[in-house]
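Q: One structure, pasted below without further comment.
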Amino acid sequence: MASAMQVKPTRMELSNLKKRRTVAVRGHKMMKDKRDELVRRFIVLARRNKDLRIEVEKGLSVAMQSFVLARAMMSNSEIEEALMYPARAIAVEAEKQSILSIPVPKLSMEAQEGFVYPYGFVTTGADLDVAVQSLAEVLPLMLELAETEKACSRLADEIEKTRRRVNALEYVMIPQFDDAIGRIQMKLEENERGNLTRLMKTKDMLANK
Amino acid sequence: MAKCGVLGDKDSILLFKAVGLDVFFETDGDKANMRLHRMAKEGYAVIYVTESVYQKCKETTDEFASQAYPAIIPIPDISGIQGIGMTTLKQNVEKAVGVDILFNN
């Protein structure tokens, strides 16, 4: 039950409280709408996130299995020599987009014309080529996964916050206002009645004189 | 132009070097946390972290959870999929919707 709000029983206070209650009710409605829309978008993103993660994990497992095979065929130094040479860095454009004014990342990768292996073919095995190739294929998906996963976690946090606000307004603030308004009205009516009785009494006393 | 980095043990992530991502070899929890902070400061947009290291970097990932960048994403390492990425997704869904609607059917 909402705890009692300490207010002075005056008309001024009553009109203030009524104004605050109207604001709270309007805020509650907007928060509720925001929560519903966030949840709707979140569910779409979460489904996409799940699909992407399954795909990426599958792709990466394939790449890593080939890499394990390649390592078995080649010596450590040969592998390092082939891979440590800086490859052409991928061109990723990172922007921010906003979902209901929550900033989430937006990543896009420029398509690379023709894939080039960053090493020569003399000392490397075919398994390494397969590993690098499958990793390059899964890379765009990995970027999309990063984007979706971040958006998902940010939305989840925001939904939790919004839901708390909705509940606080609905079950604490608004009942408190109602309670306080009711009590002030009763007190004012009581004062009014007291006043009336006093007037009647005085009138009687004056008439009996 | 944004930078993408990978953090984890050498055997798992050496391969990412070949496709043009920056790799950082770190398996120790404290060092990985420090490395993540430094990478965030240097402006990495996406940091992929192998699942075994991701577990040790919980505080850092929580710290950056409220910002748009960097996105810290768990990936499987050479020993296979541990399912941490899926668990994180599941937790998010439970947090947002209340029940797990993606995995229970």
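The values are calculated or read from the model by the stated rules, or taken from the named source; none is laboratory data. Keep in mind that this is a model prediction, so the values were computed, not measured. All Cβ positions, glycine included, derive from the backbone under ideal geometry; neighbour counts span all protein chains shown. Accessible surface areas use protein heavy atoms only, side chains included; no ligands, DNA or RNA. Shrake-Rupley method; radii C 1.70, N 1.55, O 1.52, S 1.80 Å.
Q: Whose amide H sits under 5 Å from the amide H of residue B:49, counting only residues 5 or more places off or on another chain, with H placed in the peptide plane?
A: B:7, B:73, B:75
Q: May I pose another question? Relative to the isolated chain, which residues of region A:124-139 have their accessible area cut by 50 Å² or more in the presence of all protein chains (1.4 Å probe, heavy atoms, no ligands or nucleic acids)?
A: By number: A:135.
Q: Rank by packing, highest mean first: peptides A:166-174, B:85-93, B:3-11, with packing defined as the count of other Cβ atoms within 10 Å averaged across residues.
A: For the peptides A:166-174, B:85-93, B:3-11, the packing ranking is B:3-11, B:85-93, A:166-174.
Q: Next up: Can you give the mean number of other chain Cβ atoms that lie within 10 Å of the Cβ atoms in peptide A:31-42?
A: Mean partner shielding for this stretch: 1.
Q: Rounded to whole Hz and in sequence order, give me ³J(HN,Hα) for region A:71-79 from the Karplus expression 6.51 cos²θ - 1.76 cosθ + 1.60, θ = phi - 60°, writing x for Gly and Pro.
A: For region A:71-79, the Karplus curve yields 5, 5, 7, 10, 7, 4, 5, 5, 4 Hz.
Q: Could you give me the ³J(HN,Hα) list for region A:147-155, computed from phi with Karplus coefficients 6.51, -1.76, 1.60 and θ = phi - 60°, whole Hz, x at Gly and Pro?
A: For region A:147-155, the Karplus curve yields 4, 5, 5, 5, 4, 4, 5, 5, 5 Hz.
Q: Hey, what do the phi angles of region A:180-188 turn into as Karplus ³J(HN,Hα) couplings, whole Hz, using 6.51/-1.76/1.60 and θ = phi - 60°, x for Gly and Pro?
A: 5, 4, x, 5, 4, 4, 4, 4, 5
Q: Just to check, using Stokes-Einstein with a Kirkwood Rh over alpha carbon pairs, what's the diffusion coefficient of the protein assembly as shown at 25 °C and 0.890 mPa s in µm²/s?
A: Values: Rh = 23.5 Å.
Here the translational diffusion coefficient equals 105 µm²/s.
Q: Kindly state, to the nearest 0.05, the FRET efficiency for residue B:87 paired with residue A:37, given R0 = 25 Å and r defined as their beta-carbon distance. Working shown, then result.
A: Details: r = 27 Å, r/R0 = 1.07.
FRET efficiency, residue B:87 to residue A:37: 0.40.
Q: Let me ask something else about it. Going out from 0 in 5 Å bins, what whole percent of all Cα-Cα distances in region A:8-146 drops into each bin?
A: 2, 8, 11, 13, 12, 9, 8, 7, 6, 5, 4, 3, 3, 3, 2, 2, 1, 1, 0
Q: Let me ask you something else. With each label point set 7 Å from Cα along the Cα-Cβ vector, what nm distance links residue A:5 and residue A:96?
A: Each label point lies 7 Å from its Cα, and together they span 3.6 nm.
Q: Shifting gears a bit: Report the FRET efficiency, 1/(1 + (r/R0)^6), for residue A:186 and residue A:22, where r is their Cβ-Cβ distance and R0 is 25 Å, rounded to 0.05.
A: Values: r = 21 Å, r/R0 = 0.83.
Here the calculated transfer efficiency is 0.75.
Q: Got a number for carbon plus sulfur as a percent of region B:3-79's accessible area, 1.4 Å probe? It would help to have the intermediate numbers written out before the result.
A: Details: 1340 of 2930 Å².
Carbon and sulfur: 46 percent of the exposed surface of region B:3-79.
Q: May I ask you to compute the full-extension gain from residue A:54 to residue A:178, defined as 0.36 nm times their residue separation minus their alpha-carbon distance, rounded to one decimal in nm?
A: On the way: separation 124, 0.36 × 124 = 44.64 nm, distance 5.10 nm.
Contour length minus the Cα-Cα distance gives 39.5 nm.
Q: Chain B: D in µm²/s via Stokes-Einstein (Kirkwood Rh, Cα pairs, 37 °C, 0.692 mPa s)? Each step should come with its number before you reach the end.
A: Working: Rh = 14.4 Å.
In µm²/s, the coefficient rounds to 228.
Q: Okay, next question. Can you give me the accessible area per residue for the protein assembly as shown, using a 1.4 Å probe, in Å²? Intermediate results must be reported in sequence, preceding the final value.
A: Numbers: 17290 Å² over 314 residues.
In whole numbers, the protein assembly as shown has 55 Å² accessible per residue.
Q: What number, rounded to the nearest 500 deg cm²/dmol, is the helix-based mean residue ellipticity at 222 nm of chain A, given -39500 (n - 2.57) per DSSP H run of at least four residues and division by all its residues? Could you put the intermediate results ahead of the total?
A: Numbers: 4 runs with 150 residues, N = 209.
For chain A, the value works out to -26500 deg cm²/dmol.
Q: Also, quick follow-up: When the helix-only estimate is applied to chain B (DSSP H runs of n ≥ 4, each -39,500 (n - 2.57), divided by the residue count), what is the mean residue ellipticity at 222 nm, nearest 500 deg cm²/dmol? Don't jump to the answer; show the numbers that get you there.
A: Details: 5 runs with 43 residues, N = 105.
Roughly -11500 deg cm²/dmol at 222 nm, from the helical runs in chain B.
Q: Another question, then. Rounded to the nearest 100 Å², what is the sum over both chains of accessible area buried where B meets A, with a probe of 1.4 Å? Spell out each step's value before the answer.
A: Details: alone 6790 and 14950 Å², together 17290 Å².
Buried area (both sides, nearest 100 Å²): 4400 Å².
Q: With a 1.4 Å probe and all protein chains left in place, how much of the accessible area of region A:43-158 comes from carbon and sulfur atoms, in whole percent? If you can, show how the numbers build up before the last one.
A: Working: 3200 of 5690 Å².
The computed percentage sits at 56.
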